[in-house]
Amino acid sequence: MSASIQSIGQIAIAVNNIEQAKQFYRDSLGLTLLFEAPPGLAFFDCGGTRLMLTTLQGHEQDHKTSVIYYKVDDIKLFSEQLKQKLIVFEREPALAVKMPDHELWMAFIRDPDNNLIGIMAELPLSE
């Protein structure tokens, strides 16, 4: 018997302004706020993965973030919804790679702390 990683349990993103970041992730990206905890923590549900927004806790070097890719069903529609909320795109939705069984589409935006955010969709092959 062995143990292995099954899924992502939680992702932490360091932010400068918890209220501004909370508004962005809830109102712009549409994630559900699960709960808040002191000091300066907000937890969201992202398809069963918990996303934690945190103000700087401890050493600054512990708060460098990686790009998180949020998967959506319809990248064009989701992008239009973000634009209606005045979200500026770093890169518009575009075909990244054509796989044998689907197309991988990507777009990129930034949150209020300038963290790069990937939006991705795996779409059926177009005829």
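A short reminder: the numbers here are calculations on the coordinates, not readings from a lab. Only a predicted model underlies this, so the values are computations on that prediction, with no experimental measurement involved.
Computing Rg and Dmax of the Cα atoms in Å for the structure here picks out one of [x] 16.0, 52; [y] 14.5, 49; [z] 14.1, 44, namely [x]. Rounded to whole numbers, the Karplus 3J(HN,Hα) couplings from phi for segment 98-104 are 9, 8, x, 10, 6, 9, 9 Hz, using 6.51 cos²θ - 1.76 cosθ + 1.60 with θ = phi - 60°, and x at Gly and Pro. Taking amide H as placed 1.01 Å from N in the peptide plane, the amide H of E103 sits under 5 Å from that of L123, L125, each at least 5 places away or on another chain. In the chain, the DSSP-assigned H stretches of four residues or longer account for a calculated mean residue ellipticity at 222 nm of -3500 deg cm²/dmol, using -39500 (n - 2.57) per stretch and the full residue count as denominator.
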